[in-house]
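Some notes on the structure that comes next.
The values are calculated or read from the model by the stated rules, or taken from the named source; none is laboratory data. Keep in mind that what you see is a predicted model, and the values were worked out from it rather than measured. Cβ placement follows ideal geometry from the backbone for every residue including glycine, while neighbour counts extend to all protein chains displayed.
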Amino acid sequence: MKRTEWFRRTFPVIEDNGLLPSIIERLNGTPARVEEIIGMLDTEVLTIKQGGKWSIKEEIGHLGDLEPLWSGRIDDLLSGDAELRAADLTNQTTHKADHNDAKTIALLQRFREQREAFVKKLLALTDDELEMSALHPRLKTPMRIIDLAYFVAEHDDHHLACVRVIANSSVLKP
């Protein structure tokens, strides 16, 4: 099945802040979904790199690596910044982190703790704060909190799909 590359994705503007609780629920569930996907895999499968792509542990580590960016972007919105902070599009943090040598439980715990903090930050926002907007630096479109939350949820799912591909291909091999 064809998958659109992350940097080719576009994102709709979400007008209805009433959709935010559902998006937050999706964000809150990502750590459990990661654990569910990898729970029955042999340990050696977690470090398999297919076609020069990241391993499962690197995918999980990457999710944790980006949590400070997402939290910082909420801060940017609340500070009234005109533009959200930029991501490192080369993902140097993930490439340099050597996540394959980390304990899987540590990667999962770090991500879970960071995501819990992000979700708490979202839940604490007022209706007025939800209306604040700033320009996304790469997409060059305005984003409000709900748009950022949706973007993060889609980013999560993009990487969970990568994890699932590796997991499924390792299970199918004799």
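Tabulated results
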| quantity | calculated |
| --- | --- |
| Residues of the range 38-61 satisfying the condition of being surrounded by fewer than 12 Cβ atoms within 10 Å (Cβ to Cβ) and outside any loop (DSSP other than H, G, I, E, B) | T43, E44 |
| For R144: the one exception among (1) within 19 Å of T30 (Cα to Cα); (2) crowded, with 16+ Cβ neighbours inside 10 Å | (1) |
| So W70, is it part of a loop (DSSP other than H, G, I, E, B), modelled with pLDDT of 95 or more, under 15 Å from H159 (Cβ atoms) and of a type outside the set (S, T, N, Q) | no |
| Qualifying residues in the range 73-124 (those that are outside any helix (DSSP H, G or I) and among the hydrophobic types (A, V, I, L, M, F, W, C)) - the one nearest to S55 (Cα to Cα) | A102 |
| Any hit, the range 134-150, residues being of a type in the set (G, A, S) and in contact with a Gly (Cβ under 9 Å, 6 or more places away or on another chain) | yes |
| Output for the range 1-37, where each listed residue is assigned to a helix (DSSP H, G or I), without any contact (Cβ under 8 Å) to a residue 12 or more places away in the chain and aliphatic (A, V, I, L, M) | A32 |
| Some residue of the range 126-144 being closer than 29 Å to K53 by Cα and among the small types (G, A, S) | no |
| Residues located in the range 114-133, provided they are within 17 Å of L69 (Cα to Cα) and out of contact with any Gly (no Cβ under 8 Å at 6 or more places or on another chain) | R115, E116, A117, F118, V119, K120, K121, L122, S133 |
| Every residue from the range 126-168 that is out of contact with any helix residue (DSSP H, G or I) (no Cβ under 7 Å at 6 or more places or on another chain), over 30 Å from E36 (Cα atoms) and part of a helix (DSSP H, G or I) | D127, D128 |
| I24 being under 14 Å from the mean Cα position of the chain (by Cα), more than 17 Å from I166 (Cβ to Cβ), of a type in the set (V, I, T) and at pLDDT 95 or above | yes |
| Candidates T90, T104 - the one that is of a type in the set (V, I, T), at pLDDT 95 or above and closer than 30 Å to V45 by Cα | T104 |
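Results for (1) surrounded by 13 or more Cβ atoms within 10 Å (Cβ to Cβ); (2) among the small types (G, A, S); (3) farther than 28 Å from P21 by Cα; (4) without any contact (Cβ under 8 Å) to a residue 12 or more places away in the chain, shown as yes or no for each residue.
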residue: D98; (1), (2), (3), (4): no, no, yes, yes
residue: L107; (1), (2), (3), (4): yes, no, no, no
residue: R115; (1), (2), (3), (4): yes, no, no, no
residue: M132; (1), (2), (3), (4): yes, no, no, no
residue: K140; (1), (2), (3), (4): no, no, no, yes
residue: Y150; (1), (2), (3), (4): yes, no, no, no
residue: C162; (1), (2), (3), (4): yes, no, no, no
